[in-house]
1. Could you sort the peptides 129-141, 7-19, 53-65 by per-residue average Cβ neighbour count (10 Å cutoff), highest mean leading?
2. Would you calculate a helix-derived [θ] at 222 nm for the chain, using -39,500 (n - 2.57) for each DSSP H run of n ≥ 4 and dividing by the full residue count, to the nearest 500?
3. What is the distance in Å between the Cα centroid of the stretch 4-37 and that of the stretch 78-147?
4. Relative to the longest principal axis of the C-alpha atoms of the chain, give the angle of the C-alpha long axis of helix 62-73, reported between 0 and 90° and rounded to the nearest 10°.
5. What length, rounded to one decimal in nm, is gained on full extension from residue 122 through to residue 154, with 0.36 nm per residue of separation minus their alpha-carbon distance?
6. With contacts defined as alpha carbon pairs under 8 Å and 6 or more residues apart, what's the relative contact order of the stretch 94-165 in percent?
7. Semi-axes of the equivalent ellipsoid for the stretch 5-162, please: Cα gyration tensor eigenvalues, times 5, square-rooted, ordered largest first, whole Å.
8. Kindly express, to the nearest 10 degrees and within the range 0 to 90, the angle between helix 146-162's C-alpha long axis and the longest C-alpha principal axis of the chain.
């Protein structure tokens, strides 16, 4: 496989919680590279001709994820993460000038904080865990069954350990 350029765009609209966006963009790139090495053949990217992969992160609060859930998913609750996997979920795999846009991951930072407190973990670890989860969805992996859920979580844990998080 040739060297693939990875573009990760990030925006934090939750004024109450600042994050080091560059750090988490780097984390996302490393996680994707790990997945590309480990599970590329099982992903939505397999068999596609591309040289660039792009995706977005929007950091917000759970009020925003609640709005998005209601408006786009007909679900009436706030979520910690919502993924719009444009490339994986489309019947037509649109590639423009060698670039694949995988989609967008939306993460509620107040939910990340709650989870870190609940688990006795760190905010940064929990955010990296959700980033790795969102990327799995962008690559076409879901967790409708217990077996699929275990696979996704195992890959997340392996990826974070593999990149030193």
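1. Values: 129-141: 24.2, 7-19: 13.8, 53-65: 20.0.
Highest mean packing first, the order is 129-141, 53-65, 7-19.
2. Working: 6 runs with 79 residues, N = 165.
So the helix-based figure for the chain works out to -15000 deg cm²/dmol.
3. 11 Å
4. Roughly 50 degrees between the two axes.
5. Numbers: separation 32, 0.36 × 32 = 11.52 nm, distance 1.93 nm.
Fully extending the segment from residue 122 to residue 154 adds 9.6 nm.
6. Details: 45 pairs, mean separation 18.5, N = 72.
Dividing the mean separation by the residue count of the stretch 94-165 yields 26 percent.
7. 24, 18, 16
8. In the chain, helix 146-162 runs at an angle near 90 degrees to the longest axis.
A short reminder: the numbers here are calculations on the coordinates, not readings from a lab. Model, not experiment: these values are computed from the prediction. Here Cβ is always computed from backbone atoms with ideal geometry, including for glycine, and neighbour counts include all displayed protein chains.
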